[in-house]
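Notes to accompany the following structure.
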Amino acid sequence: MVQGRGRRARRAGLVGVLWATAELTVTVGVVVLLLVVHQVWWTNRQAAAAAQEQVRSLEQSWGRPERAPGGEPPASGPSPSVSASASAGGSAAPAAPAASSVPAPRPSERAAGAQAGAYAVLRIPRLGLVVPVAQGIDKRAVLDKGYVGQYPGTAGPGAQGNFALAGHRNTHGEPFRYVNRLRAGDELIVDVRGRRYTYVVGRILSETTERDTGVIAPVPRSVVKPEHGYSEPGSYITLTTCTPEYSSKYRLVVWGTLRP
């Protein structure tokens, strides 16, 4: 009789341990799920909403933009660096060639950009995208806000050289989520304080490594896949983001040229 009660006690103890383990597993699963929802959905909505508010603020301070074939682009940062950060954890790559010097912005443009954290607005009609552009590609200060970031050392909008941009493809506003849908001939419009620069998509590099610094050079050409890119000086725009989605393994690149 005593032996039977001992077996039942051990069995009950085992059941209790299994039950506690199951409860712990469920709890951990729920916590992980909530973290994923927060990262993928909530922060995405927050960043997108804040980015759109920044666009409205810029446009209100500018008035209606007018198309301009040239002008005074924003100054580029003195220290070039390359990243095509775009998915949830895009990584940085080594330094890229600096663009040739470009005219500095007017004092009013510089002050507005510093105060607002963004100095331009990128519009991609095919994607229905309207997103602010800020200097630099720091994740916390720029990309995670849902902004598109200009690579330091690259040319300003409308200038000779390469106006190179990076943006998240997933999470944090994911402005470049659908850039893979762009096709040759699509417009990439950049508004900067009363000036409008229209670029036309010319070439697309569907996949390259994160260390392919040639894609943001003044005359953009892949150093990994040299058959992709350009060979003549001009006024270019480059969009970079991670690929495939929810991964930072490779980079997707879209190039355009300034419309005369």
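Quick note: the coordinates plus some simple rules give every number you see, no bench work behind them. Note that this is a predicted model, so its numbers are computed, not measured. Cβ placement follows ideal geometry from the backbone for every residue including glycine, while neighbour counts extend to all protein chains displayed.
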Query - Cut-off under 5 Å, modelled amide H: who pairs with residue 228 long-range - result: 222
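Ranked by Cβ crowding within 10 angstrom, fewest neighbours first, how are 216, 204, 124 ordered?
Neighbour counts put them in this order, fewest first: 204, 124, 216.
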Query raised in the report: With a 10 Å Cβ neighbour count serving as the proxy for reagent exposure, in which order, fewest first, do 144, 191 appear?
Result: 144, 191
Report summary line: Phi-derived 3J(HN,Hα) across segment 129-143 with the Karplus relation (6.51, -1.76, 1.60, θ = phi - 60°), rounded Hz, x for Gly and Pro, is 9, 9, 9, x, 10, 10, 6, x, 10, 5, 5, 5, 7, 10, 5
Report summary line: Relative to the compact-globule estimate 2.2 N^0.38 Å (N residues), the Cα gyration radius of segment 137-224 stands at a ratio of 1.11
Requested in this report: List the residues of segment 153-176 whose backbone N lies under 20 Å from a point placed 7 Å from the Cα of residue 42 along the Cα-to-Cβ direction.
Outcome: 170-174
Report summary line: Note: residue 59 to residue 126 extended length (0.36 nm per residue) minus current alpha-carbon separation gives 22.0 nm
Query - chymotrypsin sites (Phe, Trp or Tyr not before Pro) within segment 160-260, DSSP loop, no more than 13 other Cβ atoms inside 10 Å - result: 246
**Report entry** Percentage, to the nearest whole number, of Cα pairs in segment 113-260 over 18 Å apart
**Finding:** 51
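Once you wrap a convex hull around the alpha carbon atoms of segment 195-250, what is its projected area averaged over all directions, in nm²?
4.6
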Report task. Kindly list the residues of segment 197-225 that lie in the label zone of residue 257, defined by a backbone N under 20 Å from the point 7 Å along the Cα-to-C-beta vector. Result -> 197-206, 214-223
Report summary line: Under the 7 Å Cα-to-Cβ spin-label approximation, residue 14 and residue 178 lie apart by a distance in nanometres of 5.7
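Would you list 172, 228 from fewest to most Cβ contacts within 10 Å?
On the way: 172 27, 228 19.
Ordered by Cβ neighbours within 10 Å, fewest first: 228, 172.
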